[in-house]
1. Is it the case, given these coordinates, that residue 249 is over 19 Å from residue 168 (Cβ atoms), touching a helix residue (DSSP H, G or I) at 6+ places or on another chain (Cβ under 8 Å) and either buried (at least 24 other Cβ atoms within 10 Å of the Cβ) or among the acidic types (Asp, Glu) (or both)?
2. Give the residues of the stretch 1-17 that are touching a Lys or Arg at 6+ places or on another chain (Cβ under 8 Å) and either of a type in the set (Lys, Arg) or part of a strand (DSSP E or B) (or both), sorted by residue number.
3. Of the residues that sit in the stretch 318-341 and are surrounded by fewer than 24 Cβ atoms within 10 Å (Cβ to Cβ) and among the aromatic types (Phe, Trp, Tyr), which one is farthest from residue 20 (Cα to Cα)?
4. Counting only residues that are surrounded by fewer than 21 Cβ atoms within 10 Å (Cβ to Cβ) and either under 23 Å from the mean Cα position of the chain (by Cα) or outside any loop (DSSP other than H, G, I, E, B) (or both), how many does the stretch 303-317 have?
5. Considering the stretch 131-144 alone, what residues qualify as being away from the ligand (no atom under 15 Å from the Cβ) and either touching a helix residue (DSSP H, G or I) at 6+ places or on another chain (Cβ under 8 Å) or within 17 Å of residue 102 (Cβ to Cβ) (or both)?
6. Could you tell me which residue of the stretch 3-37 is farthest from residue 342 (Cα to Cα), considering only residues that are more than 16 Å from the ligand (Cβ to nearest atom) and among the small types (Gly, Ala, Ser)?
7. Could you please find all residues in the stretch 38-97 being assigned to a helix (DSSP H, G or I), surrounded by 16 or more Cβ atoms within 10 Å (Cβ to Cβ), touching a residue at least 12 places away in the same chain (Cβ under 8 Å) and more than 10 Å from the ligand (Cβ to nearest atom)?
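Coordinate-derived values only; no laboratory data. These numbers were taken from a predicted model, which means no experiment stands behind them. All Cβ positions, even for glycine, are placed from backbone atoms using ideal geometry, and neighbour counts span all protein chains on display.
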Amino acid sequence: MSSKKPLNIGLVGYGFMGRTHTNGYKRVNDFFPELAYRPVLKAVCGRSAEGTQAFADQWGYESIETDWRKLIERKDIDAIDICTPNNSHAEIAIAAAKAGKMILCEKPLSMNTAEGHKMVEAVESAGVLNTVWYNYRRVPAVTLAKKLIDEGRLGKVFHYRANFLQDWTINADLPQGGTALWRLDAAAAGSGVTGDLLAHCIDTALWLNGSISDVSAMTETFVKERTHTLTGKVEKVSIDDACAFLCHFSNGSLGLFESTRYARGHKALYTLEINGENASIRWDLHDLHRLEYFDYKDEGQIRGWKSIHVTDGDHPYMKHWWVPGLQIGYEHTFVHQVADFLANVEHGKSTSPTFREALETQAVCDAVLASAKGRSWEDVKV
Ligand SMILES: NC(=O)c1ccc[n+]([C@@H]2O[C@H](COP(=O)([O-])OP(=O)(O)OC[C@H]3O[C@@H](n4cnc5c(N)ncnc54)[C@H](O)[C@@H]3O)[C@@H](O)[C@H]2O)c1
């Protein structure tokens, strides 16, 4: 028997994120043996009993539910993990907070800032521990970037640049809505690439470079109508297929962000670059274990971009994995978030980004969408 304290997980939604999180719960104690808590795969909730049972059998959940309200009522569940499409985050999170459950919620926090405020109010008034799965913060190379910035190595920051490029919706025959394509349906997703992809870039940017004060954006919906999977009818597409925005950060630097699902050849190209007075940093999700670093202080004849292979024992999170030189990948970012969450549970603390912190990303997304609609500069109002 394990001497660790059990933390009973109730997972809602067992798609892509349901799998990454469950993998995190299963792996965490093997690689982070110091943790006092052990996640227990107590129950998974989906809408069809057959599919949910198949997932439970495959991944090792003890029981299933087909209504998330029943899951939340259960006394044997400590934490609710929300892995459903965006339009259900608020309802599930607010009910879970009222029931006194800890909450791990997928991003984006909410459909918009107003809804996000209600979620923040719910978790804070119930005093329940919470986190939002902006997992890219926990790529060791990105965490290292944060450390280098906090050490003051960049000096004054002038520029922050980020892209998140995909190409999977170019086909105009692709329908919108329903289980697999809810991202194309504004009623389920809230927005298109802004809430789906740029939200990640914005969360990382706020973390690395501080708050954003105002934005000027443009969006485009390249395919204006698509058949809706649920109604069978051709309907207007209301999501943004592409979005680009400029912004001012409160530290005086300028931001440039772009995201699209129409960049032929790109599957998930998330890149960021920060240019400071003394040094610059660059990172690319397709090469996620490397951090590129340019230091102007280096001697002139050997000055240049360094490619730091972030796999050494003194790099963030890496002492928990293999030996120096051997890299880890995407799924480990979720193991890291579970590890940080469990460590913070011991101290009664929520894990960054908390609901309140993720609300700021939501406010930037709202300002971006308002700016594109009104062709105006918009202040970010949390
Ligand atoms: N952190 C990340 O990098 C990341 C990546 C992908 C998705 N996400 C977020 O995770 C969430 C889920 O995305 P996904 O890619 O896993 O989607 P998905 O479509 O693969 O899975 C969603 C699951 O939710 C289920 N579901 C829908 N309504 C439900 C309900 N009322 N009760 C129970 N189950 C329900 C669906 O059947 C499906 O199993 C979204 O909010 C998305 O933005 C985050």
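1. On the way: over 19 Å from residue 168 (Cβ atoms): yes; touching a helix residue (DSSP H, G or I) at 6+ places or on another chain (Cβ under 8 Å): yes; either buried (at least 24 other Cβ atoms within 10 Å of the Cβ) or among the acidic types (Asp, Glu) (or both): no.
So residue 249 fails the test.
2. Of all residues in the stretch 1-17, those touching a Lys or Arg at 6+ places or on another chain (Cβ under 8 Å) come to 2, 4-10.
Listed by number, the residues that qualify are 4, 5, 6, 7, 8, 9, 10.
3. Residue satisfying both the conditions and the ranking: 322.
4. The number of residues fulfilling the criteria is 8.
5. First, the residues of the stretch 131-144 that are away from the ligand (no atom under 15 Å from the Cβ): 140-141, 143-144.
Listed by number, the residues that qualify are 140, 143.
6. Of all residues in the stretch 3-37, those more than 16 Å from the ligand (Cβ to nearest atom) come to 3-8, 26-37.
Checking the rest, the ones that are also among the small types (Gly, Ala, Ser) come to 3, 36.
Numbers: 3: 15, 36: 8 Å.
Among them, the one singled out is 3.
7. 56, 59, 72, 90, 93, 94, 95, 96, 97
Condition check ((1) in a helix (DSSP H, G or I); (2) out of contact with any His (no Cβ under 9 Å at 6 or more places or on another chain); (3) in contact (Cβ under 8 Å) with a residue 60 or more places away in the chain) across all residues:
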| position | (1), (2), (3) |
| --- | --- |
| 329 | no, no, no |
| 341 | yes, yes, yes |
| 345 | yes, yes, yes |
| 350 | no, yes, yes |
| 376 | no, yes, yes |
